[in-house]
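Colleague: Starting off with a structure, shown below.
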Amino acid sequence: MVSDKKKTLNLLEDNPFDPVSSATGSMIETRTVVSKKDSVEESKKIPRSIKKKVGFYLSVDILERFNRKFHTLKLEGMAIENKSTLLEAGLSFALDDMDKNTKSRILKIFAKHGGS
(Lines give C-alpha, C1' and ligand atoms only; values in the text may rest on other atoms or scores of the structure.)
Protein backbone atom coordinates (compact mmCIF):
# COMPACT_ATOMS: atom_id res chain seq x y z
CA MET A 1 0.00 0.00 0.00
CA VAL A 2 1.25 3.51 -0.82
CA SER A 3 1.49 6.00 2.01
CA ASP A 4 -0.05 9.43 1.48
CA LYS A 5 2.35 11.02 3.95
CA LYS A 6 5.06 13.20 2.50
CA LYS A 7 8.56 12.13 3.41
CA THR A 8 10.35 14.92 5.29
CA LEU A 9 14.03 15.57 4.94
CA ASN A 10 16.07 14.34 7.93
CA LEU A 11 18.75 17.00 8.38
CA LEU A 12 20.55 14.96 11.05
CA GLU A 13 21.24 11.88 8.90
CA ASP A 14 24.68 11.34 7.40
CA ASN A 15 24.76 13.10 4.07
CA PRO A 16 27.79 13.42 1.79
CA PHE A 17 26.52 16.82 0.64
CA ASP A 18 27.02 19.63 3.10
CA PRO A 19 24.34 22.25 2.36
CA VAL A 20 26.56 25.12 3.56
CA SER A 21 29.54 24.20 1.39
CA SER A 22 27.18 23.46 -1.51
CA ALA A 23 25.78 26.97 -1.21
CA THR A 24 29.06 28.77 -0.54
CA GLY A 25 31.46 26.79 -2.72
CA SER A 26 34.63 24.82 -2.09
CA MET A 27 36.11 24.26 1.35
CA ILE A 28 39.38 25.70 0.04
CA GLU A 29 39.71 29.31 -0.96
CA THR A 30 42.69 31.40 -1.92
CA ARG A 31 43.94 34.62 -0.47
CA THR A 32 46.18 37.12 -2.11
CA VAL A 33 49.41 37.87 -0.31
CA VAL A 34 51.35 40.93 -1.40
CA SER A 35 54.77 41.48 0.12
CA LYS A 36 56.39 44.91 0.27
CA LYS A 37 58.65 43.86 -2.60
CA ASP A 38 55.83 42.58 -4.81
CA SER A 39 53.46 44.69 -6.81
CA VAL A 40 49.80 43.73 -6.98
CA GLU A 41 50.44 42.05 -10.35
CA GLU A 42 53.14 39.86 -8.81
CA SER A 43 51.07 38.88 -5.77
CA LYS A 44 50.93 35.23 -4.80
CA LYS A 45 47.79 33.13 -4.46
CA ILE A 46 48.04 30.97 -1.35
CA PRO A 47 45.39 28.32 -0.61
CA ARG A 48 43.68 28.81 2.72
CA SER A 49 41.25 26.47 4.38
CA ILE A 50 37.93 27.89 5.39
CA LYS A 51 37.79 28.10 9.15
CA LYS A 52 35.29 26.13 11.20
CA LYS A 53 34.56 26.71 14.88
CA VAL A 54 35.16 23.68 17.08
CA GLY A 55 34.28 22.91 20.64
CA PHE A 56 36.41 20.89 23.06
CA TYR A 57 37.80 21.19 26.54
CA LEU A 58 41.36 21.97 27.64
CA SER A 59 42.80 21.75 31.11
CA VAL A 60 43.16 25.12 32.83
CA ASP A 61 46.94 24.60 33.05
CA ILE A 62 47.30 24.00 29.30
CA LEU A 63 45.02 26.93 28.47
CA GLU A 64 46.99 29.31 30.72
CA ARG A 65 50.29 28.06 29.29
CA PHE A 66 48.97 28.49 25.74
CA ASN A 67 47.77 32.05 26.45
CA ARG A 68 51.10 32.98 28.08
CA LYS A 69 53.05 31.60 25.12
CA PHE A 70 50.84 33.42 22.61
CA HIS A 71 51.26 36.77 24.38
CA THR A 72 55.00 36.22 24.90
CA LEU A 73 55.48 35.52 21.20
CA LYS A 74 53.44 38.61 20.27
CA LEU A 75 55.54 40.78 22.62
CA GLU A 76 58.69 39.35 21.04
CA GLY A 77 57.42 40.52 17.66
CA MET A 78 56.57 37.10 16.25
CA ALA A 79 54.22 37.36 13.27
CA ILE A 80 51.32 35.34 14.68
CA GLU A 81 47.94 36.57 13.46
CA ASN A 82 45.88 35.17 16.31
CA LYS A 83 45.52 32.29 18.75
CA SER A 84 43.91 30.10 16.10
CA THR A 85 47.05 30.40 13.98
CA LEU A 86 49.22 29.29 16.89
CA LEU A 87 46.89 26.40 17.71
CA GLU A 88 46.78 25.26 14.08
CA ALA A 89 50.59 25.25 13.92
CA GLY A 90 50.79 23.20 17.11
CA LEU A 91 48.16 20.73 15.96
CA SER A 92 49.81 20.39 12.57
CA PHE A 93 53.13 19.68 14.28
CA ALA A 94 51.47 17.10 16.57
CA LEU A 95 49.69 15.37 13.68
CA ASP A 96 52.93 15.23 11.67
CA ASP A 97 54.61 13.66 14.69
CA MET A 98 51.86 11.06 15.09
CA ASP A 99 52.20 10.14 11.40
CA LYS A 100 55.67 8.82 12.30
CA ASN A 101 53.95 5.88 14.07
CA THR A 102 56.57 4.06 16.20
CA LYS A 103 58.92 7.07 16.12
CA SER A 104 56.21 9.45 17.33
CA ARG A 105 56.98 11.26 20.58
CA ILE A 106 53.28 11.89 21.22
CA LEU A 107 52.21 8.28 20.67
CA LYS A 108 54.95 7.16 23.08
CA ILE A 109 53.36 9.35 25.77
CA PHE A 110 50.00 7.64 25.25
CA ALA A 111 51.65 4.20 25.28
CA LYS A 112 53.26 4.98 28.66
CA HIS A 113 49.95 6.04 30.16
CA GLY A 114 47.96 3.13 28.76
CA GLY A 115 46.10 5.28 26.23
CA SER A 116 44.33 7.42 28.84
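Colleague: Any residue in the range 95-116 that's in a helix (DSSP H, G or I): show its pairings with residues that are modelled with pLDDT of 90 or more and among the β-branched types (Val, Ile, Thr) at Cβ separation under 8 Å, as long as the two are six or more apart or on different chains.
Modeller: ASP97/ILE106; MET98/ILE106
Colleague: Working carefully through the options LEU86, LEU91, find the one that is within 26 Å of SER49 (Cα to Cα), touching a Phe, Trp or Tyr at 6+ places or on another chain (Cβ under 6 Å) and surrounded by 10 or more Cβ atoms within 10 Å (Cβ to Cβ). Walk me through how you get there before you give the answer.
Modeller: On the way: LEU91 fails: touching a Phe, Trp or Tyr at 6+ places or on another chain (Cβ under 6 Å).
LEU86 is the lone residue from the list that is within 26 Å of SER49 (Cα to Cα), touching a Phe, Trp or Tyr at 6+ places or on another chain (Cβ under 6 Å) and surrounded by 10 or more Cβ atoms within 10 Å (Cβ to Cβ).
The values are calculated or read from the model by the stated rules, or taken from the named source; none is laboratory data. Predicted model only: the values in this text are computed from it and were never measured. Heads up, the Cβs are rebuilt from the backbone with ideal geometry, glycines too, and the neighbour counts pull from every protein chain shown.
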